[in-house]
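Note sheet for the following structure.
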Amino acid sequence: MSKLPTSIRGIIEDFLGCAEAYPVRGLFFFTYAGICITGNFFFVILRHEGFSGKEIALVGSMAPLIGVLVQPIWGVVADRFDHRRCLRIATMVTAAIVVRMYWVHGFWPFFFIAAVLAIFRAPLQPLMDAVALDFVEARGRLSYGMFLIWASIASGVGTAGTGWLIEGHTTRTAFFWGAGMLLAGILSSAIGKSVTPKHTIEKITFKGLGSIVRNVPLMAFLLIVFFVFFCSTTFWNFNGVYFTDLGGSSALFGLAIAIDSTGEIPFFFLAAPIFKRFGLQKALLFTFACSTVRLFAYAFISNPRVAVWLELSNGISWTLFWVGTVEYIKQLVKPEWRATVQSLLYASSFGAGTILGIVWNGFVLDYSKHHFLNPWVSLPVQKLCFASGLLFAAVTLVSAFYFKNVRQP
């Protein structure tokens, strides 16, 4: 490896080096695989049960709705006691509930078990982020993005592998594979040692929550993230509707998802150099601007085979944005409140932002069927993209004004 150019050698060492990092890499890989397997096959199983679209939506809405409520609570508890310990407890209970779901039938049983599952499933991702950030700060090596890339790999490998393994069996066996991956994540976490960041961490008290609420830069940035997710649901959650309405096939939509993942990978490696060169604020504004352009491009493209290549921009719209967001949030708070703030981030983004964004998309999609919104686009889904693009442009301009008047963290 010593004969390789310094830049390439550095990338390989970040991706595969540092023996101490492997338990955390395993934690991200196996836990995300379990989450993706359970989530991706859950709706398929509900469909096989004969659930209507409305019933599937009601059951599926439990996770983000409950996540908004419980994620901040889990974060405070984890900061008060221990990030890894709380993560193991939540993962173990999640795995047990997932196994129990194999024998669940009927709408109301699925509805209630999905609600209980959401209580323990919701904190997994923010707590994993807190563990990774602890490691990065304590060891001064790697970056958050170098752990998140294993989650991206796991989502594709885990789902595709499980689909192949359950071929010829009942789809419900996916619950066993998902639970198995979650348990492997617990084992990987147990192998790794808890680390303490370089800064002295004080034992928090619940009275100290006021300092988080009064942190104006933090609250302002969480509001920005909320609106980014609100606008981004158009291409993160309604992309299937977009390609279908444009006449694209299921195979073409599958290709779009594959291109999504492919476009993400380079930016896991490029994120840290980009942030170092341009700063977090400028990098985040760049992702906002690119997402705005992406939405307008969707609005004016009518050929789904052309639109599919816009998915390559997902590396900027998602990877660079999310890694930058986590890094930015980390610098706005003290290390002892890390899990709490990560939970607030997930509650404002995957929770409130996503829920209200889906409502916005549904309303505009129905409204645009009968109302004239834009003379240059005809399909309701194109009008939706145009409307979301306008909103995202406003978010970008307001964010630029805010960043210009606030100190770089």
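The values are calculated or read from the model by the stated rules, or taken from the named source; none is laboratory data. Because the structure is a prediction, the values reported are computed rather than measured. Note: ideal-geometry Cβ built from the backbone for every residue, glycine included; neighbour counts use all protein chains shown. For the accessible areas, the whole protein counts, side chains as well, though only heavy atoms, and no ligand, DNA or RNA atoms are used. Shrake-Rupley method; radii C 1.70, N 1.55, O 1.52, S 1.80 Å.
As for segment 173-182, it holds no residue that is open to solvent by less than 50 Å² (accessible area, probe 1.4 Å), at pLDDT 85 or above, out of contact with any Ser or Thr (no Cβ under 6 Å at 6 or more places or on another chain) and within 30 Å of Gln382 (Cα to Cα). Criterion applied to Leu365, Leu320, Leu310 was being hydrophobic (A, V, I, L, M, F, W, C), crowded, with 16+ Cβ neighbours inside 10 Å and under 17 Å from Val225 (Cα atoms), and the one residue passing it is Leu320. Please verify whether Val70 is open to solvent by less than 30 Å² (accessible area, probe 1.4 Å), closer than 30 Å to Pro335 by Cα and at pLDDT 70 or above, treating the condition exactly as stated. In short, yes. Within segment 272-300, the set of residues being out of contact with any Leu (no Cβ under 7 Å at 6 or more places or on another chain) and not hydrophobic (A, V, I, L, M, F, W, C) comprises Pro273, Lys276, Arg277, Gly279, Gln281, Lys282, Ser291, Thr292. Determine, yes or no, whether Ala57 is within 21 Å of the chain's Cα centre (by Cα), modelled with pLDDT of 90 or more and among the aliphatic types (A, V, I, L, M). Here the answer is no, as Ala57 does not meet what is asked. Say we look at segment 245-254 and pick out the residues that are surrounded by 16 or more Cβ atoms within 10 Å (Cβ to Cβ) and within 14 Å of Arg305 (Cβ to Cβ); which of these is modelled with the lowest pLDDT? Of everything passing the filter in segment 245-254, Phe253 is modelled with the lowest pLDDT.
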